[in-house]
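> Can you keep this structure in mind? I'll have questions shortly.
The values are calculated or read from the model by the stated rules, or taken from the named source; none is laboratory data. Bear in mind that the values here come from a model prediction, so they are computed numbers and not experimental data. Cβ: placed from backbone, ideal geometry, glycine included. Neighbour counts: every protein chain shown. Ligands, DNA and RNA are excluded from the accessible area calculation, which covers all protein heavy atoms including side chains. Shrake-Rupley method; radii C 1.70, N 1.55, O 1.52, S 1.80 Å.
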Amino acid sequence: MRILVTNDDGIMAPGLLALRRALMELGDVTVVAPTTPQSAVGHAITLTDPVRVHRVSLGDGAVGWAVEGSPADCVKMALYELMPERPDLVASGINLGANVGINVLYSGTVAAAIEAAFIGLPAMSVSIEPAETVDFDGAARIARRLIDQTIARDPSRPALLNVNVPDLSKGPPKGVKVVPQSLKGWRESWERRTHPRGGTYYWMVGEMRTEEEGAETDVAALADRYVTVTPLRFDLTDHGRLDDVRRWGLRLD
Ligand code: MN
């Protein structure tokens, strides 16, 4: 099996290297990842600058491709330029920080998986809750186990799965739950500061809402210490409203 591993935390991120190590047991792993951290760039692609690519050492004799671009750029570059043959699976992560709720829409980690799904490849994004000591290897083993069980399922409809792992330093997860994405967003807050040479600047310091929401969602199940699996799609059309809006009789005159 040929596997492309990418991420949004950058090619030297420990989560990426852990995922690579775990997936090497399944087949040939090619690493193509951003040169620098690209968290929360969403599905950005590079259009107005050249995209430079460098061969870099990943340690233990392995080499990967570092791309001066976004996670989606990395997947495009891998599929159309760097990999002689198409991968059978694209895995993105292990991201430091959960990608649940509205975060899914900001996430470069998830966008890389979606980019692969655009051309019908099975893809999985994997993220873990932040902690003082983050067990990336533990999360990577969980990802591997889930890939084992999902990769060959229903080949006519390759799955795009978003996986989140709870903080493993608090003990093993309670199990796996397949849950929908929560629509919970951020508790918005900004820190306002004054630049020593004049002018005002801001730091975004908001955080994800994680309070109980009384529904089985990724946010709730992750807070309850389950590994969450959410099948995603990238069709943003609100199909339920199409007829509604058609009935509005929109006109140009
Ligand atoms: Mn990230």
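> From the set of residues in region 47-87 that are of a type in the set (Val, Ile, Thr) and not in a loop (DSSP other than H, G, I, E, B), which is most open to solvent (accessible area, probe 1.4 Å)?
Within region 47-87, the match that is most open to solvent (accessible area, probe 1.4 Å) is VAL63.
> Considering each residue of region 143-170, count those that are assigned to a loop (DSSP other than H, G, I, E, B) and open to solvent by 20 Å² or more (accessible area, probe 1.4 Å), and give that number.
Going through region 143-170 one residue at a time, the tally reaches 9.
> May I pose another question? Somewhere in region 92-103, is a residue more than 16 Å from the ligand (Cβ to nearest atom) and either among the polar types (S, T, N, Q) or over 30 Å from ARG225 (Cβ atoms) (or both)?
no
> Could you tell me whether any residue of region 111-134 is of a type outside the set (Phe, Trp, Tyr), without any contact (Cβ under 8 Å) to a residue 24 or more places away in the chain and either within 16 Å of the ligand (Cβ to nearest atom) or outside any strand (DSSP E or B) (or both)?
No, because not a single residue in region 111-134 is of a type outside the set (Phe, Trp, Tyr), without any contact (Cβ under 8 Å) to a residue 24 or more places away in the chain and either within 16 Å of the ligand (Cβ to nearest atom) or outside any strand (DSSP E or B) (or both).
> Shifting gears a bit: Failed condition for GLY93, given (1) in contact with a Phe, Trp or Tyr (Cβ under 8 Å, 6 or more places away or on another chain); (2) modelled with pLDDT of 95 or more, with all others met?
The failed condition is (1).
> Any residue in region 39-51 that is within 13 Å of the ligand (Cβ to nearest atom), polar (S, T, N, Q) and either at pLDDT below 95 or within 19 Å of GLU115 (Cα to Cα) (or both)?
Among the residues of region 39-51, at least one is within 13 Å of the ligand (Cβ to nearest atom), polar (S, T, N, Q) and either at pLDDT below 95 or within 19 Å of GLU115 (Cα to Cα) (or both), which makes the answer yes.
> Show the residue pairs that are 6+ apart or on different chains and have beta-carbon atoms under 7 Å apart, the first residue being within region 7-28 and at negative phi and in a loop (DSSP other than H, G, I, E, B), the second being more than 13 Å from the ligand (Cβ to nearest atom) and small (Gly, Ala, Ser).
Note: pairs meeting the criteria are ILE11/GLY64; ILE11/ALA66.
> Another one. Quick check on SER182: is it over 24 Å from PHE118 (Cβ atoms) and open to solvent by less than 50 Å² (accessible area, probe 1.4 Å)?
The answer is yes for SER182.
> May I pose another question? Just need a number here: residues in region 1-35 that are within 16 Å of the ligand (Cβ to nearest atom) and open to solvent by 70 Å² or more (accessible area, probe 1.4 Å).
Residues flagged as within 16 Å of the ligand (Cβ to nearest atom) and open to solvent by 70 Å² or more (accessible area, probe 1.4 Å) within region 1-35 amount to 2.
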